[in-house]
Structures are given as C-alpha cells and as structure tokens.
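Please read the structure below before turning to the comments.
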Amino acid sequence: MKKTKKVNWTLALLMSIFFGWIGVDRFMMGYVGTGLLKLFTIGGLGVWWIVDIVLIASKQEFANVKWVE
C-alpha cells in the first residue's frame, strides 16, 4: 500500500497549467509512469494536459494524494 502524499493544490494547479504538457503535475503527485507518458506524448497531444488542468482545478481526488492549501 502506498503512503498518502500531501500535495499543495495551488502549486499543482500552476504546474499543471504551465508545465503539465511535459508531465510535471503527475510527477509532483507521485505518478511517475503517467508523468513519463505525458512527457513522451506532449500531454497526450494537448488533450490529457487540458483534462488534468480541469481535474486539478476541481480538486478531484487522486489515489494516494491529499490536497493541502
């Protein structure tokens, strides 16, 4: 079982907006595999990048991630 990681929501949102197309937001949340996929596919050709911005902006629950202010 993975340990819950505390992630600053504001920082994650800013990183997702500006650097999400290279997977920085996923790396911050501890999702190295999906971070690499976003890096190699340029954010899923932009689609995955936009989806992650919306998910993070709405404070969507991710497994093993706890949002902090």
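The values are calculated or read from the model by the stated rules, or taken from the named source; none is laboratory data. This one's a predicted model, so the numbers in the text were calculated from it and none came from an experiment. FYI the Cβ positions are ideal-geometry reconstructions off the backbone, even for glycines, and counts take in every protein chain you see.
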*What number of residues within the stretch 5-45 are in contact with a strand residue (DSSP E or B) (Cβ under 7 Å, 6 or more places away or on another chain) and among the aromatic types (Phe, Trp, Tyr)?*
1
*asked:* Which pairs turn up if I take residues in the stretch 1-23 that are without any contact (Cβ under 8 Å) to a residue 40 or more places away in the chain and over 16 Å from LYS59 (Cα atoms) and look for partners that are among the charged types (D, E, K, R) and part of a helix (DSSP H, G or I) with beta carbon separation below 6 Å, at least 6 apart in sequence or on another chain?
replied: GLY23/LYS38
*asked:* Just checking: which of the helices (runs of 4 or more DSSP H) contained wholly in the stretch 1-61 hold 1 or more residues that are modelled with pLDDT of 95 or more and surrounded by fewer than 16 Cβ atoms within 10 Å (Cβ to Cβ)?
replied: 9-19, 32-40, 47-57
*Please identify the pairs in which a residue from the stretch 44-66 that is in contact (Cβ under 8 Å) with a residue 60 or more places away in the chain has its Cβ atom under 8 Å from the Cβ atom of a residue that is hydroxyl-bearing (Ser, Thr, Tyr), counting only partners at least 6 apart or on another chain.*
ASN64/THR4; VAL65/THR4; LYS66/THR4
